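Below: one structure, written as structure tokens.
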Amino acid sequence: MGRMLKFELRKLLRKKSFYLMFILCVGVAVYNVFYQRNMIYDIVQEINEFNKESIRESLAEMFSPQRLALSGFWLMVPIVLAVFAGIFVCEDRASGTIKNIYSRGYSRTTVFFSKFIVSSAVSVLLYVVLIAGLYLSGMVILSTAPVDVSPQTIKGFWLLILGRLLIVLTANAEYFMLSELIGGSTGGAIAVNIFAPIVMTGVLSIGLNIIFLSGTEDYEVYEKMSNIISSIMEYWIYTLAIGGFYIGMEVDTYIWHSVAAAIYFIVFMGLSWLISVKKEVKN
């Protein structure tokens, strides 16, 4: 396994697109932070010209390093991983080099876990780099007039960071599974990775409404069934990814969301392995 891991890492590190992925991801996020800060400040200043202290306080809260690190920009990581997994998983099958790898005596399990470990490591690194970029951009913004206050501390900051890191790993496992399922079509895998979770969420939501609410006329029954649907959708992978770990969430909710994400991760990894060992290699 060690030799296969080194091979996958060496192959990945030679690609310029690997580094470009990090640069673009952080660059777009930081640019948006500065853009939003300037836009909001201009608007608030025009509306409330005589209350500069209020402006400073509101901007300091919105653009503190911690709050920026926990903002929606972290969702760039799953989006980028959808593209990365499609290319990384399918390139060997698309080019036919997977046959050469197997011919050297590497088992399918060894090849799978080598790729999966490298892919997971990339997802963690991408998340850490993006969060660091957002945090540092928050420090820069706070040190620029007129906002000059100490960064605020958010309760459970590191717990939320770890929770979202788990979501990133789970998303990577999901995209890895879908890419393994598609096989040799890199473009097809990328398209499926991007659109399949959204489509499946819609299908699940509509299906649950049809099953639980069809023909329901009693208001109490309707309300009870609606609560059941909401509970199911709360733990759906796409819902967890978008809003699973949020500022101010209860400890019990945090634990259950973490458990749900961990289960998804194990299931996606197991299915990816099964697909990988069972899938035929085309000539």
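Kindly list the number of the only condition in (1) at pLDDT below 95; (2) surrounded by fewer than 20 Cβ atoms within 10 Å (Cβ to Cβ) that fails for Phe84.
(2)
Kindly check whether there is at least one residue in segment 202-224 that is touching a Ser or Thr at 6+ places or on another chain (Cβ under 6 Å) and surrounded by 14 or more Cβ atoms within 10 Å (Cβ to Cβ). Full working, then the answer.
Step one: list which residues in segment 202-224 are touching a Ser or Thr at 6+ places or on another chain (Cβ under 6 Å), which gives 222.
Add one more test, that the residue is surrounded by 14 or more Cβ atoms within 10 Å (Cβ to Cβ), and what stays is none.
The answer is no, given that none of the residues of segment 202-224 is touching a Ser or Thr at 6+ places or on another chain (Cβ under 6 Å) and surrounded by 14 or more Cβ atoms within 10 Å (Cβ to Cβ).
Against the definition (at pLDDT 85 or above, farther than 25 Å from Tyr238 by Cα, surrounded by 15 or more Cβ atoms within 10 Å (Cβ to Cβ) and out of contact with any Gly (no Cβ under 7 Å at 6 or more places or on another chain)), how does Met4 come out, yes or no? So that I can check it myself, show each step before the final result.
Working: at pLDDT 85 or above: yes; farther than 25 Å from Tyr238 by Cα: yes; surrounded by 15 or more Cβ atoms within 10 Å (Cβ to Cβ): yes; out of contact with any Gly (no Cβ under 7 Å at 6 or more places or on another chain): yes.
Yes.
For segment 55-81, which positions are modelled with pLDDT of 85 or more and aliphatic (A, V, I, L, M)?
Leu68, Ala69, Leu70, Leu75, Met76, Val77, Ile79, Val80, Leu81 - these are the residues of segment 55-81 that are modelled with pLDDT of 85 or more and aliphatic (A, V, I, L, M).
Identify the residue in segment 182-201 that is of a type in the set (S, T, N, Q) and under 30 Å from Ile98 (Cα atoms) and, among all such residues, is surrounded by the fewest Cβ atoms within 10 Å (Cβ to Cβ).
Ser185
Name the single residue that is modelled with the highest pLDDT among those in segment 138-158 being more than 18 Å from Leu125 (Cα to Cα) and in a helix (DSSP H, G or I).
Ranking the qualifying residues of segment 138-158, first place goes to Phe157.
Any idea how many residues of segment 240-263 are in a helix (DSSP H, G or I), hydroxyl-bearing (Ser, Thr, Tyr) and modelled with pLDDT under 90?
Of the residues in segment 240-263, 0 are in a helix (DSSP H, G or I), hydroxyl-bearing (Ser, Thr, Tyr) and modelled with pLDDT under 90.
Pull out all pairs, ordered by first then second residue, where Cβ-Cβ is under 7 Å, the residues are six or more apart or on different chains, the first lies in segment 83-100 and is within 29 Å of Leu24 (Cα to Cα), and the second is in a helix (DSSP H, G or I) and modelled with pLDDT under 80.
Asp92/Ile98
Which numbered condition in (1) under 29 Å from Ser114 (Cα atoms); (2) of a type in the set (Val, Ile, Thr); (3) in contact (Cβ under 8 Å) with a residue 12 or more places away in the chain; (4) loosely packed, with under 15 Cβ neighbours inside 10 Å is the only one that Val259 fails?
(3)
Just one of Phe212, Phe268 is of a type in the set (Phe, Trp, Tyr) and modelled with pLDDT of 90 or more; which is it? So that I can check it myself, show each step before the final result.
On the way: Phe212 fails: modelled with pLDDT of 90 or more.
Just a single option satisfies the conditions, and that option is Phe268.
Would you mind stating whether Ile190 is β-branched (Val, Ile, Thr), in contact (Cβ under 8 Å) with a residue 40 or more places away in the chain and outside any helix (DSSP H, G or I)?
no
The values are calculated or read from the model by the stated rules, or taken from the named source; none is laboratory data. Worth saying up front: this structure is predicted, and the values here are computed from it rather than measured. For neighbour counting, all protein chains shown are included, and Cβ atoms are generated from backbone atoms with ideal geometry for every residue, glycine included.
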